[in-house]
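The values are calculated or read from the model by the stated rules, or taken from the named source; none is laboratory data. Predicted model, so just to flag it, every value in this text is computed and none were measured. In this analysis, Cβ positions are derived from the backbone assuming ideal geometry, glycine residues included, and neighbour counts consider all displayed protein chains. The area values use the complete protein model at the heavy-atom level, side chains included, leaving out ligands, DNA and RNA. Shrake-Rupley method; radii C 1.70, N 1.55, O 1.52, S 1.80 Å.
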Amino acid sequence: MERDWWQLTPRREVHFIPDNLAAYDSRGMAFTIEERQAMGIHGLLPPRVKSQEEQVELCKLSIERYEDPLNKYIYLMGLLDRNEHLFYRFVGENVADTMPIVYTPTVGLACQKFGLVYRRPRGLFITIHDKGHVYDILKNWPETDVRAIVVTDGERILGLGDLGACGMGIPVGKLSLYTALAGIKPHQCLPITLDVGTNNQTMLDDPLYIGLRQRRVRGAEYDEFIDEFMQAVVKRFGQNCLIQFEDFANANAFRLLEKYRGRYCTFNDDIQGTAAVAVAGLIASLRITNKRLSDNVFVFQGAGEASLGIAELCVMAMKNEGTSDADARSKIWMVDSKGLIVKNRPEGGLNEHKEKFAQNCSPIRTLAEVVNVAKPSVLIGAAAIGGAFTADILRAMGELNARPVVFALSNPTSKAECTAEEAYANTDDRAIFASGSPFPEYRAKDGRVLRPGQGNNAYIFPGLALGVLCAGIVDISEDFMLLAAEALAEIVSQDSLDHGSLYPPLAEIQECSVKIAKKVLEHAYRTGKASVQPQPLDAEAFIRAQMYDVRYAAALPPRYAWPAPAHAPAHVAPRVAVM
């Protein structure tokens, strides 16, 4: 007995998606009935037509259904995959709620679980085994108009350490903010992870780990690999392509920055971006303390990338006030894992960057002792040591200063040196506080509501990058970083300061990016570092014209009437021979 073919075929589910529905995910139910009919997708969507505004509201309802931050992250990454315009509009209009998900602190958890949350390719993974063929890998990326790259080797992801290839969540998150917060076109952004292995045994033993299962490659082979990568980027995308280094280990971060600055369009966000946003907060605090920056004494918990970057930019800012280099450095006390950085420290552990801030005094082991000796007016933490600012240290800061400045900048929240509540409660609500991760509002004893400012790099790097790309800058020198910090500090309103915040509300961050970009653009033309010519007459209008439009464009080309063709004369009418 014969059977039909389907009876001979193993039973399986078939999910049929018509080819003409491929464009559906670009805007979902926002296609008009006319567009659906013209595109041949009428009937493949529900009959209701939804505006983009209605879709944004649906996104809010959808994400609120999830309680777990990681699930919120997965939802947003899925939205990014299927509808870029809607994703960037939703994030841009809800920055305060979404930035902690697509960036710190949730992105740290996403990196730790990246093998679990990975869904589809987004960015390039270039491994040490591809050495000699990096350009070939870059050619595999379908876009040729790449203007901005965020690259990591995954060795120092936030305060979480070596996550290897799972660090890809950081470049993806950073570049999503390039677009959402500064309007840099998404097709011009490329996240890259350079996989040279990992020394994290937990990752190596994890069956879900997505990277090379080997220990990290170091030394000459590593350096040659990075050199090849930099050269390949310029060959593929041009000298003006911005390369932002992200979450490299301290030793590599500093030396690679020194090696490539001035030769490539590059900066290190952990060193320079963190410095700019922190110094912006310090400059804004001067409007509360009525001091110059040079009138302060600074104590740093930590002497890594972030702390050294902040310290160097503080020195530059103090020198602009007329303070000598030596005097400026004498006001900065840095504590690392071996104690206070002093000249000829018996415990050692000093490099050329730390030695520039070595105090000429006896060794001091603990942060509490350093605070008692240095008597600082500013306390900054960037060493990812949760709780390092103890109640005793905070009380000492309150006793030393009428308005002590306390910056707990480490991410994620679990690594913060203290909470906002601890800073306020132990200083009789007099602390001027800022943090790296968000903290809730605090009600002071006198009834005031204090809104602790989040010194997030996202205030700086999107606007800086927008200005760099619009001006065609190749050499991002340190003066651009200080300029960005000063521009951000100027934006802080008196109302924000009155409520204890040294930064503008996150809802205003897109406008902050435009204003920072404008300052960068104007400075580039003043200093002859702009390659885009001629100089635009209206800098802000020029910048806004380059930005990504999150609104849906028309799905159909414009249609208009055309005159009917005149009838051809009968004597010239074509004749067909009849055989």
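With a 10 Å radius around each residue's Cβ, average the other Cβ atoms per peptide and rank 151-157, 411-417, 80-86, highest first. Let's see the in-between values first.
On the way: 151-157: 26.6, 411-417: 22.3, 80-86: 18.7.
Descending mean neighbour count gives 151-157, 411-417, 80-86.
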- Note on the structure: Computed ³J(HN,Hα) along segment 189-200: with the Karplus parameters 6.51/-1.76/1.60, θ = phi - 60°, integer Hz and x for glycine or proline, the list is 10, 9, x, 9, 10, 9, 9, 10, x, 8, 9, 8
- Enter the accessible area of Lys291 (Å², nearest 10), with the probe set to 1.4 Å and all protein chains included. 80 Å²
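So what is the relative contact order for segment 127-265, in percent, with contacts set as C-alpha pairs under 8 Å and at least six apart? Walk me through the numbers before you get to the answer.
Values: 214 pairs, mean separation 46.5, N = 139.
Relative contact order, segment 127-265: 33 percent.
Can you bin segment 20-153 into rounded, prolate or oblate? Criterion: square roots of the alpha carbon gyration tensor eigenvalues sorted a ≥ b ≥ c, rounded for a/c under 1.5, prolate for a/b above b/c, oblate for the rest. Could the numbers behind the result be given before it?
Details: a/c = 2.49, a/b = 1.36, b/c = 1.83.
Since a/c reaches 1.5 but b/c is at least a/b, the shape of segment 20-153 is classed as oblate.
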- Ignoring ligands and nucleic acids, Ile74 exposes an accessible area, probe 1.4 Å, in Å² to the nearest 10, of 50 Å²
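What percent does the relative contact order of segment 274-398 come to when contacts are Cα pairs within less than 8 Å and at least six residues apart? Write down the numbers at each step before the final one.
Numbers: 170 pairs, mean separation 37.9, N = 125.
Averaging sequence separation for qualifying contacts and normalising by length gives 30 percent for segment 274-398.
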- Query: Quick one: Karplus J couplings for segment 530-538, per residue in order, coefficients 6.51, -1.76, 1.60, θ = phi - 60°, nearest Hz, x for Gly and Pro?
  - Reply: 8, 9, 7, 10, x, 5, x, 5, 10
- Query: So, counting K/R as plus one and D/E as minus one, what does the shell of residues with Cβ under 13 Å around Leu521 add up to?
  - Reply: +3
- By how many degrees, 0 to 90 and rounded to 10, does the Cα axis of helix 478-491 deviate from the longest principal axis of the chain? 90 degrees
- Query: Among [x] 27.4; [y] 24.5; [z] 26.1, which one is Kirkwood radius over Cα pairs in Å computed from these coordinates?
  - Reply: [z]
- Message: Which order do the peptides 274-285, 436-447 come out in when sorted by mean C-beta neighbours inside 10 angstrom, highest first?
- Response: 274-285, 436-447
- Using the Cα gyration tensor of segment 77-195, with a ≥ b ≥ c the square roots of its eigenvalues, what is the shape: rounded (a/c below 1.5), prolate (a/b larger than b/c) or oblate (neither)? oblate
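Round to the nearest 0.05 the FRET efficiency obtained for Ala566 and Glu490 when R0 = 60 Å and r is the Cβ-Cβ distance.
Details: r = 66 Å, r/R0 = 1.10.
With R0 = 60 Å, the Cβ-Cβ based efficiency is 0.35.
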- Query: According to the square roots a ≥ b ≥ c of the eigenvalues of the Cα gyration tensor, what is the shape class of segment 489-552, taking rounded for a/c under 1.5, prolate for a/b larger than b/c otherwise, and oblate for the remainder?
  - Reply: oblate
- Note on the structure: Helix 305-320 sits off the longest principal axis of the Cα atoms of the chain, rounded to the nearest 10 on a 0 to 90 degree scale, by 70 degrees
- Taking the chain and counting helices only, DSSP H stretches of n ≥ 4 at -39,500 (n - 2.57) each over all residues, the nearest-500 ellipticity at 222 nm comes to -12000 deg cm²/dmol
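Over segment 358-506, give the accessible area per residue in Å² for a 1.4 Å probe, as an integer. Provide the component values of the computation, followed by the final result.
Working: 5130 Å² over 149 residues.
Result: 34 Å² of accessible area for each residue.
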- Query: Using the Karplus equation 6.51 cos²θ - 1.76 cosθ + 1.60 (θ = phi - 60°), what ³J(HN,Hα) coupling, rounded to whole Hz, does each residue of segment 548-565 give in order, writing x for Gly and Pro?
  - Reply: 5, 9, 6, 6, 6, 7, 4, 7, 10, x, x, 10, 8, 6, 10, x, 5, x
- Where does helix 391-400 land angle-wise versus the long Cα axis of the chain, in degrees 0 to 90, nearest 10? 70 degrees
- Message: Tell me the carbon and sulfur percent of the accessible area for the chain, rounded to whole percent, probe radius 1.4 Å.
- Response: 52 percent
